[in-house]
Amino acid sequence: PLVSIVGAGKVGSTLAQRLIEKHLADVVLVDIAVGLPQGIALDLLEARSLEGHDRHICGTNDFADTAGSDVIVITAGLPRKPGMSRDDLIATNARIVVDVTRQAIARSPEAILIVVTNPLDVMAYLAWETAGVPPQQVLGMAGGLDSARLQTFIALELNVDVAEVSALVLGGHGDLMVPLPRYCTVRGVPITELLDEAAIARLVERTRNGGAEIVQLLKTGGAFYAPASATYQMVEAIVHDRARLMPAATYLNGEYGITDLFVGVPCFIDRRGAGKIHELSLTAAERHALHTSAESVRTNLAIARA
Ligand code: NAI
């Protein structure tokens, strides 16, 4: 399989490394910066014999090299600086995402598009609209990352193996995201039985702030290791046709009472992209939180299109 990654920055280059070193796919890394993707690709090629794999990676500034991709991952755009919200990136990143989507989909019209650029849900919509493909062909990466963050914080709080913890976060990838403690478990036991309300509220808050916490620490940009891992999981589900149930920004057409918007919900991801959406039975408060988050995505989408 061939995966093209647009944007050879922190997330794009880390994902490229994971894809080839875990032997999942060959990679084309495209960036507007001359020399950057070529340098990263050459460096990774020189590590090939040391890492013991034979996957190929090509670094380029020319979208012609992406032709025939099975998956296209879009990470091009600005990351946040300390004090910025994801929404502050709208205008600049909208221009970039529209431009690169047009160029990439023209060479790989059948490819599944995974959007990573922030603000995520808005960029996923713009990529879909620009690509002119069925909505199932476009996914946004966020829910996998936000859920992994919550999973980590639960494991730290309870001092248990993170592999025993399962967590779920829905909604837009922003300050109003919707962590669902009722659907978080340790070996099947709901955390609502293991932790008191105050502790759960702290974990929920830390998850909503998970991206900003890392931006504050790094000062130079945002998180990239866990984002690359969460994107890798989606690519793997597509390439191996796994029907993996995970939250992802998906086009909603009435599901959860939300229409004509990309927002994070659980869906089955396989080689066709976004498969069946699973509709959880939410409490009134959870549903309200999801709708509030979706409305903020809708407002930002209007800003992006203006
Ligand atoms: P970065 O600054 O390290 O890399 C971005 C790359 O995009 C740069 O190399 C830049 O040259 C390139 N680029 C800019 N315009 C381009 C164009 N027109 N064509 C091709 N390449 C272009 O940023 P980083 O940390 O890799 O983050 C990338 C994006 O992903 C940001 O918008 C960030 O906010 C977002 N992100 C989203 C996450 C999510 O959960 N959805 C998690 C982490 C990051």
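Would you point out which residue out of Val138, Val133 is under 20 Å from Val6 (Cβ atoms), more than 9 Å from the ligand (Cβ to nearest atom) and within 16 Å of the chain's Cα centre (by Cα)? Let's see the steps before the verdict.
Values: Val133 fails: within 16 Å of the chain's Cα centre (by Cα).
Every option except Val138 fails the conditions.
Out of the residues in the stretch 51-85 that are assigned to a strand (DSSP E or B) and more than 9 Å from the ligand (Cβ to nearest atom), which is farthest from Leu36 (Cα to Cα)? Spell out how you get there, then give the answer.
Step one: filter the stretch 51-85 for residues assigned to a strand (DSSP E or B), giving 57-60, 71-74.
Add one more test, that the residue is more than 9 Å from the ligand (Cβ to nearest atom), and what stays is 57-60, 71-73.
On the way: Ile57: 13, Cys58: 11, Gly59: 8, Thr60: 8, Val71: 21, Ile72: 19, Val73: 17 Å.
Applying the filter and picking the extreme gives Val71.
Cβ-Cβ below 7 Å, separation at least six or inter-chain, first residue in the stretch 272-290 and within 17 Å of Leu261 (Cβ to Cβ) and modelled with pLDDT of 95 or more, second of a type in the set (Asp, Glu) and surrounded by 12 or more Cβ atoms within 10 Å (Cβ to Cβ): which pairs?
From the stretch 272-290, the pairs are Ile277/Glu255; Glu279/Glu255.
Residue under question is Leu261, and the condition is that it be over 23 Å from Ala167 (Cβ atoms) and buried (at least 20 other Cβ atoms within 10 Å of the Cβ); does it hold?
Taking the combined requirement at face value, the residue satisfies it.
Kindly list the number of the only condition in (1) within 11 Å of the ligand (Cβ to nearest atom); (2) over 15 Å from Phe262 (Cα atoms); (3) part of a helix (DSSP H, G or I); (4) at pLDDT 95 or above that fails for Ala124.
(2)
Please enumerate the residues belonging to the stretch 211-231 that are more than 18 Å from the chain's Cα centre (by Cα) and either at pLDDT 95 or above or at positive phi (or both).
Filtering the stretch 211-231 for residues more than 18 Å from the chain's Cα centre (by Cα) gives 216-220.
Within the stretch 211-231, Gln216, Leu217, Leu218, Lys219 meet the criteria.
Residues that are in contact with a helix residue (DSSP H, G or I) (Cβ under 9 Å, 6 or more places away or on another chain), within 16 Å of the ligand (Cβ to nearest atom) and of a type outside the set (Lys, Arg): which helices (runs of 4 or more DSSP H) entirely in the stretch 173-284 hold 2 or more of them?
Details: elements: 197-208, 210-218, 225-239.
Because the criterion is at least 2 residues that are in contact with a helix residue (DSSP H, G or I) (Cβ under 9 Å, 6 or more places away or on another chain), within 16 Å of the ligand (Cβ to nearest atom) and of a type outside the set (Lys, Arg), the helices (runs of 4 or more DSSP H) in the stretch 173-284 that meet it are 210-218, 225-239.
Where residues in the stretch 116-137 are in contact (Cβ under 8 Å) with a residue 40 or more places away in the chain and in contact with an Asp or Glu (Cβ under 9 Å, 6 or more places away or on another chain), which of them is surrounded by the fewest Cβ atoms within 10 Å (Cβ to Cβ)? Walk me through how you get there before you give the answer.
The initial filter retains those residues of the stretch 116-137 that are in contact (Cβ under 8 Å) with a residue 40 or more places away in the chain, namely 116-128, 135-137.
Right, trim to in contact with an Asp or Glu (Cβ under 9 Å, 6 or more places away or on another chain) and you get 118-119, 122, 125, 137.
Details: Asn118: 28, Pro119: 27, Val122: 35, Tyr125: 28, Gln137: 21.
Among them, the one singled out is Gln137.
Starting from residues that are over 14 Å from Gly7 (Cα atoms) and of a type in the set (Val, Ile, Thr), keep the ones in the stretch 77-108 and report whichever is modelled with the highest pLDDT.
Top of the filtered list is Ile105.
Return yes or no: is Thr92 crowded, with 23+ Cβ neighbours inside 10 Å and not charged (D, E, K, R)?
On the way: crowded, with 23+ Cβ neighbours inside 10 Å: no; not charged (D, E, K, R): yes.
So Thr92 does not fit the description; no.
Being assigned to a helix (DSSP H, G or I) and surrounded by 24 or more Cβ atoms within 10 Å (Cβ to Cβ) is the filter; apply it to the stretch 146-172 and report the residue that is nearest to the chain's Cα centre (by Cα). Steps first, please.
Within the stretch 146-172, the subset assigned to a helix (DSSP H, G or I) is 146-158, 162-164.
Restricting the remaining residues to those that are surrounded by 24 or more Cβ atoms within 10 Å (Cβ to Cβ) gives 146-147, 149-150, 154.
Working: Asp146: 9, Ser147: 11, Arg149: 13, Leu150: 15, Ile154: 21 Å.
Among them, the one singled out is Asp146.
In this structure, is Ile32 within 11 Å of the ligand (Cβ to nearest atom), surrounded by fewer than 16 Cβ atoms within 10 Å (Cβ to Cβ) and on the phi < 0 side of the Ramachandran plot? Break it down stepwise before answering.
On the way: within 11 Å of the ligand (Cβ to nearest atom): yes; surrounded by fewer than 16 Cβ atoms within 10 Å (Cβ to Cβ): yes; on the phi < 0 side of the Ramachandran plot: yes.
Spelling it out, Ile32 is indeed within 11 Å of the ligand (Cβ to nearest atom), surrounded by fewer than 16 Cβ atoms within 10 Å (Cβ to Cβ) and on the phi < 0 side of the Ramachandran plot.
From the residues in the stretch 1-23 that are more than 8 Å from the ligand (Cβ to nearest atom) and assigned to a strand (DSSP E or B), which one is surrounded by the most Cβ atoms within 10 Å (Cβ to Cβ)?
Checking each candidate, the answer is Ile5.
Hey, among the residues in the stretch 86-109 that are in contact (Cβ under 8 Å) with a residue 40 or more places away in the chain and more than 9 Å from the ligand (Cβ to nearest atom), which one's farthest from Glu295 (Cα to Cα)?
Of everything passing the filter in the stretch 86-109, Arg107 is farthest from Glu295 (Cα to Cα).
The values are calculated or read from the model by the stated rules, or taken from the named source; none is laboratory data. From a predicted model like this one, the values you see are computed outputs, not experimental measurements. Every residue, glycine as well, gets a Cβ built from its backbone with ideal geometry; the counts of neighbours run over all protein chains shown.
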